[in-house]
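Below: one structure, written as structure tokens.
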Amino acid sequence: MQVEEYSTLYQLVSVIEGNLHPSTPLTAALAVSLPPGSMTGAPKKRSCELLRSIEGVGEARGLYSGVLGYLDVGGGGDFAVVIRSAFRWGDEGIWRVGAGGAITALSEEVAEWEEMLGKRQSLVDVLLGSP
């Protein structure tokens, strides 16, 4: 685990590695690992229940975070948690920028909001060519 420093925030980076039992498919390991707690908040199970009750199932929240990766033919893979994203919609040059944060029992509402704005701004700055 390490902390990376950026102009607008500090990012905790963790690498998780392991070996699966030969009879366990990688997809099964991913299914019980996702969504990551860094996206849902903690405790994860209750956070997911609350998010579903607030947002509903199939609501038009859109994609802004998740897990991106690949599986190789040898049964391995590499995956990363995406916590910010930007998508260009159509030919109009309109970008949709997504950022969020995970809420825990120790979270402070204003601090979480400001952290999310900082995460979002770093992407907006890149798109606008700002320093």
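The values are calculated or read from the model by the stated rules, or taken from the named source; none is laboratory data. Worth saying up front: this structure is predicted, and the values here are computed from it rather than measured. Glycine gets a Cβ as well: all are built from the backbone with ideal geometry, and neighbour counts include every protein chain shown.
Observations
- The lone exception for Trp113 - which of (1) in contact with a strand residue (DSSP E or B) (Cβ under 8 Å, 6 or more places away or on another chain); (2) not in a strand (DSSP E or B); (3) not basic (Lys, Arg) it fails: (1)
- Whenever a residue of segment 101-128 is without any contact (Cβ under 8 Å) to a residue 40 or more places away in the chain, its partners that are of a type in the set (Val, Ile, Thr), lying with C-beta atoms within less than 7 angstrom and at least six residues away or across chains, give the pairs Glu112/Ile103; Arg120/Val97; Leu123/Val97; Val124/Val97.
- Residue within segment 93-100 that is among the basic types (Lys, Arg), farther than 14 Å from Ser38 by Cα, in a helix (DSSP H, G or I) and in contact (Cβ under 8 Å) with a residue 12 or more places away in the chain present: no
- In segment 71-80, the qualifying residues are those that are surrounded by 11 or more Cβ atoms within 10 Å (Cβ to Cβ) and farther than 20 Å from Ser38 by Cα, and the one that is modelled with the lowest pLDDT is Gly77.
- The residues of segment 51-70 that are exposed (fewer than 11 other Cβ atoms within 10 Å of the Cβ) and either modelled with pLDDT under 75 or of a type in the set (Gly, Ala, Ser) (or both), listed by number, are Ser53, Gly56, Val57, Gly58, Glu59, Ala60, Gly62, Leu63.
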